[in-house]
Structure formats: C-alpha cells, structure tokens
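Chemist: Here it is, the structure in full.
Read the figures in this text as sums done on the coordinates, not as results from a lab. A quick note: this is a predicted structure, and the numbers were derived from the prediction, not measured. A quick note on method: Cβ atoms are made from the backbone with ideal geometry, for glycine too, and the neighbour counts reach across all protein chains shown.
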Amino acid sequence: MGKNFVRMPELAEDKRQKAKLIAVMNNKGGCGKTTTAMALGMYLSRIGNNVLFWDNDPQCNLTQRLGLPDDERKEGRLDTLFKDAEKNPDMSLIAEYPYLQRIPGSKEGTGKIGVMPGSHMSESYANSLADMYQKHGKEFQDRTHYTSIYHFFRERIAFYKRYYDYIVVDTAPALEGNILNTLALRTANDVVMPIDGLEAALGVRQLLNWMDVQTTALDHRPNGLFVMVKYQMDTKGIGDYSTDKISRNAVFSIIKSVFGDFVCDNGVRELRSLRHSTKGVPGFGGKTEYTTLCDELVRKINGKRDNIFDFSMKNGAIRDIELRLSDIERKVRKRKPKFKTPKYGVTDEE
C-alpha cells in the first residue's frame, strides 16, 4: 500500500528569496483567467519549479479543472485557512499528474504541483476573520499572533513560499468589496491581466485604478502584465483577420501602443480545438500557443522592468487607452439604437 503523503523539503535559501506569487486578475468574467492561471502554473512546473495553485475564486473552477471534485477533501480547502486562523497552515494537497511532461530542452525534470483548493464559502469565512480582527482588536491579535487579516494572509503565503517557487492565484471576476481579490493583490509580486476582446479591454482603467488605490501604501507594489487570450472577432471590420498575427488585432494594437513592454507579444486565439482540448490547453505535454505565451510571461516576470503604476501615472496611459478603445467601440456599433425617456401611466387622452 503506497504512502498518502509527499515529503516537501524547504527550498534553498536563494530560491526562497526569489519565490513569487502571481495573481491572475480581471474584473470581467470569462476572459481567460482560470485557463491562463492553469497554463502558466503547468508551464512553470514543466521547467522544473515547484508550483502551488491557489484557488481564490469561490466558483472553484481552477480546483475543478485540476481534477478535484467539489465533494472531495472539503476540510482541506481555502475556507479552512480562514476558519482555523489559530492553527498551523498545514493544508493544501500535492497532485501527481501521470501525463505531465517537462518542456523539451529543459534541463530540469518537472517540479511538484500543490493545490490550495477553492471553496464556495471562502469569501464568507475571510470576511468573518476580518470582522474578528476589527471587533476584538488586541485580544484576537494576541491569540492569532497577527495584527490583521492582511498580516495573517501575508504570513501564510510566506510559509508556502518556503516550499514553492511560484504560487499562482486564480481570482474572481470582481473588484470592490471582494476581500479575496484584495488579499491576492496586496500579496502578489506580479499581476497577469488576461484580455479576450474589447469588453475586457474597456475595463482596464477601472482595474488599474482599483489596483493603484489598494497598493499605494505598500512598501513593495506588485507589477503587472497584459496578455491577449481567447481573442475573438469582436473588432471585426476594425482589425485585420486575414492573418493569424496578433499584431493585426485592433484591441491588441492599441494596448500594445499604450503600454508597450507591459503587454505580451504572444497571445492565444479562440480556437475550437484548444477550447475542447484536455491536454494542449493546460500544457501537460503538448506544445500550443499557451506554451509560447507562458515562456514570454516567465521571462518578463523574472526580468527587470519598470513598475506598471509608475509608468501609467507618468504617461497618462490609463486615460489614453480608454479614449482610444472608446473610439473602436463607436466604430463597431455602426447601427446604434435610439434611446428615449419613458413616460409611464400614459392615458388615451395624451
């Protein structure tokens, strides 16, 4: 009978210092956050890194795609982390995928893959823990040894960084008032922002402004990168779809011209073959557009670059992108509806 655990030795000191948390965020649903998080995490493992998938979305889509059904291991999910704040962080699972293959040419074998499974109740328990810190003050702080839920979460992440080179966090399609997204943002080293088309791109100003407000007081602010994934035909007639090159996509062209190196040059088209693939999309063994995109993402994340917030403030990028994308929006809607003010309770005499 085989053992039901995997020994996790601590990373060497130099690797612990380089460990990163990458949050995948966008306030629009369905724009590719979960798929991007899964592809990036699998790629990182395939080149030899220990990766912890962290499901911060109460919908638990990442957990489900990683093969853990809702009715299994309920006691080890994210809600337990917040419910048992006074206990040691000895949760999460190790997943061993028999079809995981190293990237051809990689000098390392595959790393270990951990999963912090999501929970439909995680946000409720996180809010409850935040209330405990506010209502009970020093008494609760002394019991848990943390001054706030943000301090608590940061220290829990620090624990896992002793064992994992990367923590990849999938987040919910929400911003204001979502404590799980705020925790992920304030703890992240980098934020990857997927965009699938015009609607997701139009929300960039709101996303960056929210991120700016939430992180402005931090000693070390996260950096950010945009990626085009699952991009479709929503700018048909504006971009040039006679070629496979992403540079002919109108939304990409505008974001790239405004944010430059903060936008990945590689992207992933919306293809039926990728949408229904269980092997190619996550990058377990095959090589797809996700592989090329993730290679660029990792190089940018680990390379030297300016901070996206500093860049945006200096160059007026947030306002610029809104104006230029709004122009595309007007061109796309050639036949505009007419809006009139309703007059309720109209009688026959009128």
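Chemist: Calculate, for Ser257 and Lys336, the FRET efficiency according to 1/(1 + (r/R0)^6) with r their C-beta to C-beta distance and R0 30 Å; round to the nearest 0.05.
Modeler: The formula returns an efficiency of 0.70 here.
Chemist: Right, another one. State the Cα centre-to-centre distance between the stretch 83-154 and the stretch 5-42 in whole Å.
Modeler: Rounded to whole Å, the Cα centres lie 13 Å apart.
Chemist: Show me 127-139, 4-16 ranked by packing, highest mean number of other Cβ atoms within 10 Å first. Please list the in-between numbers first.
Modeler: Numbers: 127-139: 14.2, 4-16: 10.5.
Ranking, from highest mean packing down: 127-139, 4-16.
Chemist: Under the 0.36 nm per residue contour assumption, what length would be gained going from the current alpha-carbon distance of Glu86 and Met8 to full extension?
Modeler: Fully extending the segment from Glu86 to Met8 adds 25.8 nm.
Chemist: When Tyr344, Tyr99, Tyr166 are ordered from fewest to most other Cβ atoms inside 10 Å of their Cβ, what list results?
Modeler: Fewest-to-most Cβ neighbours within 10 Å comes out as Tyr344, Tyr99, Tyr166.
Chemist: State, to one decimal in nm, how far the label point of Glu199 lies from the label point of Asn302, with both points 7 Å from Cα in the Cβ direction.
Modeler: 3.6 nm
Chemist: Tell me which of Ile308, Gly177, Val115 sits at the most positive position along the dipole axis of the chain, charges placed on C-beta atoms (Lys, Arg +1; Asp, Glu -1).
Modeler: Ile308
Chemist: Sticking with this one: Strictly over 22 Å apart at the Cα level, which of Lys20/Lys112; Lys87/Lys138; Lys256/Lys300; Lys20/Lys256; Lys28/Lys287; Lys230/Lys287 would you flag in this model?
Modeler: Lys20/Lys256; Lys28/Lys287
Chemist: Would you indicate which of [x] 23, 48, 27, 2; [y] 31, 61, 8; [z] 28, 55, 15, 2, 0 is the value of P(r) over Cα pairs in 20 Å bins from 0, in percent derived from the coordinates of this structure?
Modeler: Checked against the structure: label [z].
Chemist: Using a Förster distance of 41 angstrom, determine the FRET efficiency expected from the C-beta separation of Arg248 and Glu139, and round it to 0.05.
Modeler: Between Arg248 and Glu139 the formula returns 0.10.
Chemist: How far, in nm, would the chain grow between Asp70 and Ser148 when pulled straight, counting 0.36 nm per residue and subtracting the alpha carbon separation?
Modeler: 25.1 nm
Chemist: Give, as a single signed number, the net charge of other residues whose beta carbon lies under 13 Å from the beta carbon of Glu108, with Lys and Arg counted +1 and Asp and Glu -1.
Modeler: Cβ neighbours under 13 Å give a net charge of +4.
Chemist: Cα axis of helix 122-144 to longest principal axis of the chain: angle in degrees, 0 to 90, nearest 10?
Modeler: With both axes taken from Cα atoms, the answer is about 50 degrees.
Chemist: So, by mean Cβ neighbours within 10 angstrom, what's the order for 299-312, 111-124 with the highest one leading? Working shown, then result.
Modeler: Details: 299-312: 14.8, 111-124: 21.7.
Packing proxy ranking, top to bottom: 111-124, 299-312.
Chemist: Could you give the nm distance between label points at Asp131 and Arg16, where each point is 7 Å from its Cα heading toward the beta carbon?
Modeler: Label at Asp131, label at Arg16, 3.7 nm between them.
Chemist: So, one more: Assigning unit charges at the beta carbon (Lys, Arg +1; Asp, Glu -1) and nothing else, what dipole magnitude in debye, to the nearest 20, does the chain show about its Cα centre?
Modeler: 1000 debye
Chemist: What nm distance separates the two modelled labels at Asp212 and Ser326, each placed 7 Å from Cα along Cα→Cβ?
Modeler: That separation, rounded to one decimal, is 1.6 nm.
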